[in-house]
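Student: Can you keep this structure in mind? I'll have questions shortly.
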Amino acid sequence: MIRRERAIVFAPMPRISSIVYASIALFWVTMWTLLIRAELNPKEAALRAVPIAKVAGVFFRHEQSSELFIHGDGSHLGKFRVTPHERSADDSRIVDFSGNFQFRHSDEHRRVIWDGSLEFDRAFALKVVRLAFSVFDRSGPHAENARTEIEIDPAQRIAICTEKFGLAVTDRRTIPLDEAGIRTLMEERGIDPALLATMASSQSAAPEITARQSTVLVHDQRVDAYLVTVQVNQQTLLEVQLNSLGQILYAKSVLGWTLESE
C-alpha cells in the first residue's frame, strides 16, 4: 500500500562528505540511464514480460511528473521529483530531477538539496548529465550558499566540477572519467581509493534489466503497472513500479531506501 506520510523525522546518520552526496544522487542517475537504454533479452522473456523500450516510450510520451517520498529505517528522509519530456527541436529526451534529503548528526541538523538532468538523443544514447547540490548546515552561517555543480560529458569522458559560494566560483576543474582521475578525486576527499577496486569489481558483470506487467495497491485500489527490475550477479539493485502514464509509484533500492508516491 502506498503510504501518505507528512511528518518529518530526522534520522541519525554519520557525517557525510560532498562526494558521497554526489554518489547518492549519481546512483539514481545511473539506474535511470540503465533503465532507459536497456533492451529486454528475449531469452529471459517470461509471462507478462514487456520490452524496456515500451516502458521508456510510455515514460516520455506522457511527460508526467513523479512526486516521491524517500523513506529509510522507518523514517521520512526527504522527497524526490522526476519529470521526463521530449524536445522536438532535436528529438532529445530529457529527464529533470530534483529532491532533498535531511538527517541529524549529534546536535547538527543538515539538509541536502539537489537538482539536475539527463539528456539523451533520439536513440537514447546519453549526451550529458548535469547534477548540482547544496548542503544546508544550521550550525554554520551562510553554509547554504555553497553549491557544487557537476556536468558529465560521456562522449569526451570528462566531468567538469564547479564549486560556488553564492554567485562566486571558488573552484573549477575538469576531471577525466578514468581510474586515475577518480582515484585522485577520492584521495582529495579523504575516501579510501580501495573502494574504487570494489566498485569496479561489482560493475564487471553486465546488469540484467527486465520489465513485466504488474499491479500495485494505491489507496486500497489495484492499479495496472509496469515492474522494472535491475539485477547484477543475481542481486537486485533496483525495483521500480510505474503506472500506465509512466509515473513512478514505488521504488526500492539496494541502499535500503524506498521511494513512494504521495
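What follows is calculated from the coordinates using simple rules that are stated; it is not laboratory data. In this text, all values refer to a predicted model and were calculated from it rather than measured experimentally. All Cβ positions, glycine included, derive from the backbone under ideal geometry; neighbour counts span all protein chains shown.
Student: At a Förster radius of 22 Å, what calculated FRET efficiency corresponds to the Cβ-Cβ distance of ASP73 and ARG222, to the nearest 0.05?
Tutor: Values: r = 29 Å, r/R0 = 1.30.
The pair ASP73/ARG222 has a calculated efficiency of 0.15.
Student: Sort the following peptides by mean Cβ neighbour count (other Cβ atoms within 10 Å, averaged over residues), highest first: 240-253, 150-163, 89-102. Intermediate values should be presented prior to the final figure.
Tutor: Numbers: 240-253: 19.9, 150-163: 15.3, 89-102: 16.9.
Top of the packing list down: 240-253, 89-102, 150-163.
Student: OK, next. I need the per residue convex hull volume for region 206-255, using only the alpha carbons, in cubic angstrom as a whole number.
Tutor: Numbers: hull volume 4.1 nm³, N = 50.
Given the Cα convex hull of region 206-255, per-residue volume reads 82 Å³.
Student: How compact is region 57-120 by the rule of thumb for globular proteins, expressed as Cα Rg over 2.2 N^0.38 Å? Show your work: numbers first, answer last.
Tutor: Numbers: Rg = 15.4 Å, N = 64, 2.2 N^0.38 = 10.7 Å.
Taking N as the residue count of region 57-120, the ratio is 1.44.
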